[in-house]
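Written below as structure tokens is the structure these notes are about.
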Ligand code: CTP
Ligand code: MG
């Protein structure tokens, strides 16, 4: 039987570090809203039953207008879910809205529009075997632990990776991980950590460094430059 796979794309943040007149997920990148770039990659992967997008309730109308009216994306493929106060809560809301009998779920930041279709397909394939997989790249810079502008220690770069999304999981595993976090009031930054907390292995797949998270205005410039050269 064919596996049932859902995508969760998070786009319910406030974009405080960008601080533009409009939230960064709706800002234009090479003339097209960032969220549209991202969502189109998931549609092109052609492996998802549903694409679930977390949107802040005040932006639901705007998101629907952009996705379904302006860009004519197939409405029946999507579920738009109200975001929570934190990204973690947004993802948990979306997990609860996945279709029944979902086997795998791929979770991705709406503001990583430069993910490659091939990366999305590869991470899903690997998840069948590994159960929990995240994309990442080996750290390029030296990373030190700092307190009040003073170096506390230097970490061994050979052991350090920067972690990206997508992150993909067996649905039951990531649901259990979020449920556990809710009951213990744990707050983390990425979904993989919730699986780590359960004591389960998380596999890291090396991705492309172009898959940046658009966090501030500098990232937007980099993303524009990457798209111009693609
Ligand atoms: N996100 C979400 N729900 C939240 C917070 C974040 O769905 N409550 C989404 C964001 O929209 C973004 C992704 O998670 O696509 C990664 O978060 P981040 O880059 O931190 O975006 P923001 O939270 O919007 O930005 P900032 O932290 O600067 O306010
Ligand atoms: Mg944030």
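We did not get these values from a lab; they are worked out from the coordinates using the rules stated. The shown structure was predicted, so the numbers you read here are calculated from the model rather than taken from an experiment. Positions of Cβ are generated from backbone atoms using ideal geometry, with glycine treated the same way; all protein chains shown enter the neighbour counts.
What the table below lists for this structure:
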quantity: Criterion (more than 16 Å from ligand 1 (Cβ to nearest atom), in contact with a strand residue (DSSP E or B) (Cβ under 7 Å, 6 or more places away or on another chain) and without any contact (Cβ under 8 Å) to a residue 60 or more places away in the chain) met by exactly one of 65, 50, 61, 76; calculated: 50
quantity: Only listed residue being more than 25 Å from residue 16 (Cβ to Cβ) and assigned to a helix (DSSP H, G or I), chosen from 79, 137, 120, 66; calculated: 120
quantity: Those residues of the range 121-142 which are surrounded by 13 or more Cβ atoms within 10 Å (Cβ to Cβ) and touching a helix residue (DSSP H, G or I) at 6+ places or on another chain (Cβ under 7 Å), in sequence order; calculated: 121, 131, 132, 133, 134, 135, 139
quantity: Hits in the range 14-34 - residues which are within 15 Å of ligand 2 (Cβ to nearest atom) and surrounded by 21 or more Cβ atoms within 10 Å (Cβ to Cβ); calculated: 23, 24, 25, 34
quantity: Test set (1) on the phi < 0 side of the Ramachandran plot; (2) surrounded by fewer than 18 Cβ atoms within 10 Å (Cβ to Cβ) - residue 112 fails condition number; calculated: (2)
quantity: Single residue of the range 141-167 satisfying the filter (part of a strand (DSSP E or B) and under 23 Å from the mean Cα position of the chain (by Cα)) that is farthest from residue 38 (Cα to Cα); calculated: 161
quantity: Hits in the range 82-103 (condition: outside any strand (DSSP E or B) and either over 30 Å from residue 130 (Cβ atoms) or out of contact with any helix residue (DSSP H, G or I) (no Cβ under 8 Å at 6 or more places or on another chain) (or both)); calculated: 85, 86, 87, 89, 90, 93, 94, 96, 97, 99, 100, 101
quantity: Tally, over the range 16-33, of residues that are under 16 Å from the mean Cα position of the chain (by Cα) and without any contact (Cβ under 8 Å) to a residue 40 or more places away in the chain; calculated: 0
